[in-house]
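The values are calculated or read from the model by the stated rules, or taken from the named source; none is laboratory data. Since the structure is predicted, the reported quantities are computational estimates derived from the model, not experimental observations. Please note: Cβ atoms are built from the backbone with ideal geometry, for glycine as well, and neighbour counts cover all protein chains shown. Just so you know, the surface numbers come from the protein's heavy atoms only, side chains and all, with ligands and any DNA or RNA stripped out. Shrake-Rupley method; radii C 1.70, N 1.55, O 1.52, S 1.80 Å.
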Amino acid sequence: MRRWSSAMRLCRMAGAAAVLSLLGASAGIAGGDGGSYNASAQTRCDGVFSNGTRIDVSDPKDLADVPGKQTFCDFHTFGWNQFLWLVESVDGQPRFMGFAPWYNMLSHDPALDKPAPYPGGSTALKTALLDKTQAGSGDELIDVDGQLVRYDIRYDETAYNFVVRENLYDKSGYDKACDPDDKGVCANNVWLPPNGTDNGNFMELKTSWRTFDEGECPEDEMFCEGDFGLVGMHIVEKTPTHGESIWVSMEHIANVPDCEPGHSLSIAETGPDGMAWNFFDPKTAPDSVMKSKTCNVTGDSPQCNGDPNKDGKTRQVNVCRTDMLPAGGASDANCAVVPSSEGDKNANSKGNVACLNASLRPKLEGPWGNYHLIGTLWTKPGQGPTQDFRIKVFQDEEKGLSYVDAVGLPHLANATMETYLQVGATGYDPLGNNATQAGCFFCHNLPDKSYQMDLSHFPTKLDASVENLKSAH
């Protein structure tokens, strides 16, 4: 078990001391062209939107949509923006910790016979209701200390109030609106906000947490909630110009190294700034891996990202990242804003993410400086908020429907949430899609093989134990 000296267990710096300001921007910026476009404003992807507004570290703004011309850089900058707004300190805790946990949204207040007003009760992490199997297809993730990673899902006020108002918080109400077949595919599309009737965006957060022994969570290195340390966050936000939702993934910088050398986080004895890796243990990695800085993820005996259930019980598996960001930080090559076109869907996407990370992380104080953007995902073109569509690579084309590209980082995978579903990691491939189709849109699409609504999977929780839900209050 990792041990921390009393000197290292410093009081957590008050909230997210370093947060975001978009100078000259407001919380209601619209998508599309978003006003006048200054082509010279965004010469480097280091925190400037294409409408000329810039990320700062003093006053966060919640953006209603991606500002400016919606360049690839704009989307990645939007992702950083939303993360920093979410971790801003509000009443002594990060804003996202005040969002409604799924079990509040889908539980009943005995006095009301429906969920209580937002946020529906306590928003503290409840160990009994934290998921344990989000690292793959029903798989568990064990950290370097042998502790189980747990997962939480939360919703903002717009999302919560919509679900309660439309009586979608239990199976009978949801089935009435959706009319699902035996595979959970709705006969009626139930569109989440914004949907032409409801203003505001539907925001869904999934977070992953390391489990520490009592008093051992390293508050100087990561955000700690009791004995849990935050290691990952998915931000899913449906906006007026992106009915497919914008998918943003953040991780702790010391989660995992890259599977191959020459990228942003090479395999080494320690992670950045001397921190121990959270999910890669140099002591158990073969000498050849440490010398070559390459961890094989294919074949019968992968050295990383292998089957955690191989021995009949969940075991610790060394993890590395297959969809790697480039080295060079805020180099000219990484920071260059490259116009996207049908022939160039990448548009220096990974380089822009690396540039933003190198530009913004040093400006942050406290544990939040140890988190970085893994990537952002959306479709090209963006979808209307009540538009049915299919996604190339991930789905088959259907006559009469928009058939669009997944762009940004098309195979986006958080190493703590899609650990065994990373593209190319085929030594263990629970869903049989890692070679070409790994990514958020493999599971989140319309219609899907699972019980869902408008790309959100919250209806999968409708069958949760009633007794467990009652225990949450």
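Based on what the data block shows, is K171 basic (K, R) and without any contact (Cβ under 8 Å) to a residue 60 or more places away in the chain? Please lay out each step first, then the result.
Numbers: basic (K, R): yes; without any contact (Cβ under 8 Å) to a residue 60 or more places away in the chain: no.
It is false that K171 is basic (K, R) and without any contact (Cβ under 8 Å) to a residue 60 or more places away in the chain.
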Practice item. Please tell me if T460 is in a helix (DSSP H, G or I), at pLDDT below 95 and under 24 Å from T314 (Cα atoms). Key: yes
Check your understanding: So which residues in the range 292-309 are modelled with pLDDT of 95 or more and more than 17 Å from G136 (Cα to Cα)?
Key -> S292, K293, T294, C295, N296, Q303
**Study point:** So V353, is it more than 30 Å from E237 (Cβ to Cβ), open to solvent by less than 50 Å² (accessible area, probe 1.4 Å) and either modelled with pLDDT of 95 or more or not hydroxyl-bearing (S, T, Y) (or both)
**Key:** no
Check your understanding: Given the conditions (1) aliphatic (A, V, I, L, M); (2) assigned to a loop (DSSP other than H, G, I, E, B); (3) touching a Lys or Arg at 6+ places or on another chain (Cβ under 9 Å), and given that A116 satisfies all but one, which numbered condition is not satisfied?
Key -> (3)
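If you go through the range 186-194 one residue at a time, do you hit one that is over 24 Å from the mean Cα position of the chain (by Cα), part of a loop (DSSP other than H, G, I, E, B) and among the aliphatic types (A, V, I, L, M)?
As a first pass, look at the range 186-194 and keep what is over 24 Å from the mean Cα position of the chain (by Cα): 186-189.
Filter once more, so that each one left must be part of a loop (DSSP other than H, G, I, E, B): 187-189.
When the remaining residues are screened for being among the aliphatic types (A, V, I, L, M), the result is 187.
Checking the range 186-194: at least one residue is over 24 Å from the mean Cα position of the chain (by Cα), part of a loop (DSSP other than H, G, I, E, B) and among the aliphatic types (A, V, I, L, M).
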Check your understanding: Checking S341 against (1) on the phi < 0 side of the Ramachandran plot; (2) surrounded by 16 or more Cβ atoms within 10 Å (Cβ to Cβ), which single condition isn't satisfied?
Key -> (2)
Point to revise | The one condition in (1) open to solvent by 10 Å² or more (accessible area, probe 1.4 Å); (2) touching a residue at least 24 places away in the same chain (Cβ under 8 Å); (3) within 28 Å of T207 (Cα to Cα) that I374 fails to fulfil | key: (1)
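Would you point out the residue of the range 154-165, among those that are β-branched (V, I, T) and surrounded by fewer than 23 Cβ atoms within 10 Å (Cβ to Cβ), that is nearest to P194 (Cα to Cα)?
The first filter runs over the range 154-165 and keeps only residues β-branched (V, I, T), leaving 158, 163-164.
The next check asks that each one be surrounded by fewer than 23 Cβ atoms within 10 Å (Cβ to Cβ); those that pass are 158, 164.
On the way: T158: 9, V164: 16 Å.
Within the range 154-165, the match that is nearest to P194 (Cα to Cα) is T158.
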Exercise for review: Among the residues of the range 100-133, write down those that are closer than 27 Å to A413 by Cβ, of a type outside the set (F, W, Y) and open to solvent by less than 40 Å² (accessible area, probe 1.4 Å).
Suggested key: A100, P101, M105, L106, L125, L129, L130, D131
**Study point:** Selection status of K171, in contact with an Asp or Glu (Cβ under 9 Å, 6 or more places away or on another chain), of a type in the set (K, R) and open to solvent by 30 Å² or more (accessible area, probe 1.4 Å)
**Key:** yes
**Study point:** Test set (1) out of contact with any helix residue (DSSP H, G or I) (no Cβ under 9 Å at 6 or more places or on another chain); (2) within 30 Å of K61 (Cβ to Cβ) - G136 fails condition number
**Key:** (2)
Practice item. Looking only at the range 315-324, decide whether some residue is modelled with pLDDT of 95 or more, in contact with a Phe, Trp or Tyr (Cβ under 6 Å, 6 or more places away or on another chain), part of a helix (DSSP H, G or I) and surrounded by 15 or more Cβ atoms within 10 Å (Cβ to Cβ). Key: no
Practice item. Of the conditions (1) farther than 16 Å from P101 by Cβ; (2) in contact with a strand residue (DSSP E or B) (Cβ under 7 Å, 6 or more places away or on another chain); (3) of a type in the set (A, V, I, L, M, F, W, C), L168 clears all except one; give me its number. Key: (2)
Practice item. Check T197 against each of (1) within 30 Å of P385 (Cα to Cα); (2) touching a residue at least 12 places away in the same chain (Cβ under 8 Å); (3) of a type in the set (S, T, Y) and name the one condition it does not meet. Key: (2)
